[in-house]
Amino acid sequence: MNAPASSRAPRWFVNLFAARWLHWVALLAICSAYLQGGLVKLLNFPGAIAEMQHFGLAPATPLAIMTIAVELGAGLMILIGWWRWLGALILAAFTIGATFVANRFWEMQPPEQMMVMNAFFEHLGLVGAFVLIAWHDLRAPAAA
């Protein structure tokens, strides 16, 4: 059996990657598209409604409101650590749904198909990141 990575890596490297600030910056990076998207939709609500209509989603206004609430609310839950696991699973589910609505590469022809297929699988990667956040949060001992 191999030794844990922490015993193979230089101590300074382990300390860097164990830093709480780096953990928070990584969470911010993972949530950044959702925080940005929610803010843009909030500040341009007619545009948010138009986006729902573009994808054939109805009723557009309530769905735009729900999208803003999910993107901002779940993103903030992750960043502040309040029920982080739940925020992560909400964004995982939201991302799966949005990916199948917005990135239907199987209905497209090249060259658009390749770009949309890449976006589809990039979004699946985000889903994996959110599941790992939830997994990590649920396995962590309760904060004292």
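The values are calculated or read from the model by the stated rules, or taken from the named source; none is laboratory data. Only a predicted model underlies this, so the values are computations on that prediction, with no experimental measurement involved. For neighbour counting, all protein chains shown are included, and Cβ atoms are generated from backbone atoms with ideal geometry for every residue, glycine included.
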Taking helices (runs of 4 or more DSSP H) that do not extend beyond the stretch 56-144, which have at least 2 residues that are closer than 18 Å to Leu28 by Cβ and in contact with an Asp or Glu (Cβ under 8 Å, 6 or more places away or on another chain)?
-> 84-102
Arg139 vs. criteria basic (Lys, Arg) and exposed (fewer than 11 other Cβ atoms within 10 Å of the Cβ) = yes
Do we find a residue being modelled with pLDDT of 95 or more, of a type in the set (S, T, N, Q) and surrounded by fewer than 12 Cβ atoms within 10 Å (Cβ to Cβ) anywhere in the stretch 23-45?
-> yes
